[in-house]
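Following: one structure in structure tokens, then a few remarks.
Values in this text are rule-based calculations from the coordinates and carry no lab data. Every value quoted in this text rests on a predicted model; they were computed, and no experiment measured them. Positions of Cβ are generated from backbone atoms using ideal geometry, with glycine treated the same way; all protein chains shown enter the neighbour counts.
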Amino acid sequence: MALEVSRIQVVKASMVLTARNFFADPQWVIPSIIAPFVFTLVALFLFSNVTGPILLYAVLGGGMMGMWGTTVYGSGESISFDRWNGTMECTLSAPSPLIWIVLGRVIWNTLEGSINAIFILVIGFLWFRVGVSLADPLLFAASTFVTFLSLSAFGTLLANVIVLSRKGGFITNGIEIPVYIATGTMFPIGLLPFYVGAVSYSIGPTWGIDAIRKAAIGSYVGQLPFSIFVDIAVTIIITVVYFAMSSVLMVRVEKIAKRNGTLGDF
Amino acid sequence: MLLCVTHKRIYRDANGGSRLAEYCVETRDLRREYLNRNFFGKVKSRTNALSGLNISIKYGELFGIIGPNGAGKTTTIKILSTLLLPTSGSAFVLGMDVTHDLYRIRKRIGIVFGGERGLYNRVTGLQNLLYFSDLYGVPPSVSRKRVPELIEMVGLTGRENERVEKYSRGMKQRLHIARALVHDPELMFLDEPTIGLDPAGARDIRGIIKQLKKDGKSILLTTHYMFEADELCERIAVISKGNLVALDRPSGLKKQVRDITLVELHVYGDSRAVSSSISELPSVSRVFSEDSGDRTIIRIQTPDGSEVLEKAKVIASQNNVRIIESSIKEPTLEDAYLRMVEE
Ligand SMILES: Nc1ncnc2c1ncn2[C@@H]1O[C@H](COP(=O)(O)OP(=O)(O)O)[C@@H](O)[C@H]1O
Ligand SMILES: [Mg+2]
């Protein structure tokens, strides 16, 4: 009987393996806990004169940066990890499309990133006494979730680049900072030149992060002049587009790598 | 099937794949070229890794490809296991075209690469096997039973819950074989599975390969150890620089180098006249002599060992040279191999 490879089975297995790999390396503490913590600390020092909502804005910025860092890094690294671990060929020789394997990894990385974000908020609340309540906890949870999804999707797009070339690591390292800026994680988008702003609008997390802030801070005037529901809807649409693009690209990438004989390079 | 119109005898097997009646692997003029590019992507040079390989492997056969480093063994395995596209020519695995039926082929083949590669070192052996079971879509109810059996088969029982990084080189290689078996493939590609192992570790792997053969798997094994191919394989393809230089049963390959049967004579006395007379015998290809303490060793290369030895004895006694000992050395497969790949 021919085996039907179940997508959910593959995504789940891949996610679990990535999590196991993650916890097996004690260094995970550094990017996941220490780095976001330091980001928050710096943000709080920068905004030391302000109070209330603006402080929360700063803390959210730190937290989101934690998410971004681990997602962009993690999804890129989890593929290049396969390259130097020598598991690229074994992974690709399985009869399941690569997108499902990558998706499992990226979901784990983003999950881990959003746990960082919550960790940051908890530090902010408990230690620095930033704010006391979220304006709308339910919408906050919903917008965090879709942001998380769009981060996953973005991660899969990056993963394609990684598989394609051994120069991929260089590309993800370089993309991280512009992404912080373009998504308005660090500065409000309004401060950016127009063409960078245009890029910002096409990135799902930009909308998601704005939605998170709108849900968290009652008095927050969004970087994007839309209601939170529009933000969430657009985030979802962009996310779906990302995933669709990813899976198409991935098939293409695999073909090119097979033609060039670069699958096993490390 | 559209893809297989060139084949005459095709039937559909239980898995829905079309299948040649006789061969589980068939390549036709298989070529693979690598472009070596410089930093800017310009093509610097080309490597012909395979220049027109033709092999056919029967169902249930244990077929060996032997060749020195860089001969094209891994390239062949990668093409057959759908990980690399041929530059030209065609390859059919289980009756399916390697460039089209990727997933259907992958479900039915198992691939083992030699060396440290292919495992997740930070997790346990068991977790590795369960992960790959999921990747191959093996139902959990099946893998729960099969995985312990595989662990048993490769002799890792009791160690399956340790992290792979704690395994010895040999244990890793055995786990790697188990990994390739999680979906119970009917055809196995083993690419230098004993490379870098100590003799005991290599023997364990050869034992497992014999077991796989007994279990009815078709196997393509590559190696650069001739004795290994001799011990395991029913037929051996010798390749060198991307070309097939011989394809035969081990006994047939040995026959091809019959002329390097070596007759060795240990003699006392002045042997120069003897050597030159022997070298004039019709079936002798070469004669070497070497002083060794009080005696001289004469080595004679010939396809007809026993006949030449008789004639040499006569020549020696005619020249009053005493033979202390004599022997005939049949060529080993190693000799055959070395000669073929050096030519
Ligand atoms: N990805 C690659 N790019 C360029 N050349 C390659 C690549 N892979 C293999 N080669 C070259 O192709 C030839 C055959 O390699 P390979 O199939 O790995 O040989 P073997 O496995 O028999 O040692 C060698 O000359 C090798 O250097
Ligand atoms: Mg090789």
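Taking residue B:145 as the anchor, which aspartates and glutamates have their alpha carbon closer than 20 Å to its alpha carbon, excluding any fewer than eight residues away along the same chain?
A:4, B:134, B:160, B:162, B:184, B:186, B:215
Provide the per-residue ³J(HN,Hα) series for segment A:234-243, in order, calculated from phi with Karplus coefficients 6.51, -1.76, 1.60 and θ = phi - 60°, each as a whole number of Hz, with x at glycine and proline positions.
In residue order, the calculated couplings are 5, 4, 5, 4, 4, 4, 4, 4, 4, 5 Hz.
Could you work out Rg/(2.2 N^0.38 Å) for segment B:260-330, with Rg from alpha carbons only?
For segment B:260-330, the normalised Cα radius of gyration is 0.96.
Tabulate in residue order the Karplus-calculated ³J(HN,Hα) for segment B:57-62, using 6.51 cos²θ - 1.76 cosθ + 1.60 with θ = phi - 60°, rounded to whole Hz; enter x for Gly and Pro.
Values per residue, Gly and Pro as x: 10, 7, 4, x, 7, 9 Hz.
Efficiency by 1/(1 + (r/R0)^6): what FRET value for residue B:69 and residue A:115, r their Cβ-Cβ distance, R0 = 45 Å, to the nearest 0.05?
In this case the efficiency is close to 0.40.
What's the local net charge at residue A:139, with K and R +1, D and E -1, over the other residues with C-beta under 15 Å away? Could you put the intermediate results ahead of the total?
On the way: positive: A:213, A:214; negative: A:136, A:210, A:231.
Here the charged neighbours net out to -1.
Where does the charge balance sit around residue B:130 when Lys and Arg score +1, Asp and Glu -1, over other residues with C-beta under 14 Å from its C-beta? Working shown, then result.
On the way: positive: A:12, A:20, B:144, B:145, B:146, B:179; negative: B:134, B:149, B:160.
Here the count lands on +3.
Checking the cross-link filter: which lysines have an alpha carbon closer than 23 Å to that of residue B:42, excluding same-chain neighbours under 8 positions apart?
Residue B:42 reaches A:167, A:255, A:258.
Once you have the Cα-Cα distance between residue B:245 and residue B:168, take 0.36 nm times their residue separation minus that, and quote the gain in nm to one decimal.
Values: separation 77, 0.36 × 77 = 27.72 nm, distance 3.62 nm.
The span from residue B:245 to residue B:168 would gain 24.1 nm if fully extended.
Quick one: length gained pulling residue B:58 to residue B:324 fully straight, 0.36 nm per residue minus the C-alpha distance?
Once the chain is fully extended between residue B:58 and residue B:324, it gains 90.7 nm.
Please count, across segment B:155-306, the pairs of lysine residues with Cα atoms under 29 Å apart that sit 8 or more places apart or on different chains.
18
Can you list the HN-Hα couplings for segment B:120-127, worked out from phi with the Karplus curve (6.51, -1.76, 1.60; θ = phi - 60°), rounded to whole Hz and with x for Gly and Pro?
8, 6, 7, 10, 6, x, 4, 5
Sum up the charges of everything whose Cβ sits under 12 Å from the Cβ of residue B:312, counting Lys and Arg as +1 and Asp and Glu as -1, but leave residue B:312 out. Walk me through the intermediate numbers first.
Details: positive: B:299, B:311, B:313; negative: B:264, B:280, B:304, B:307, B:310.
Local charge sum for residue B:312: -2.
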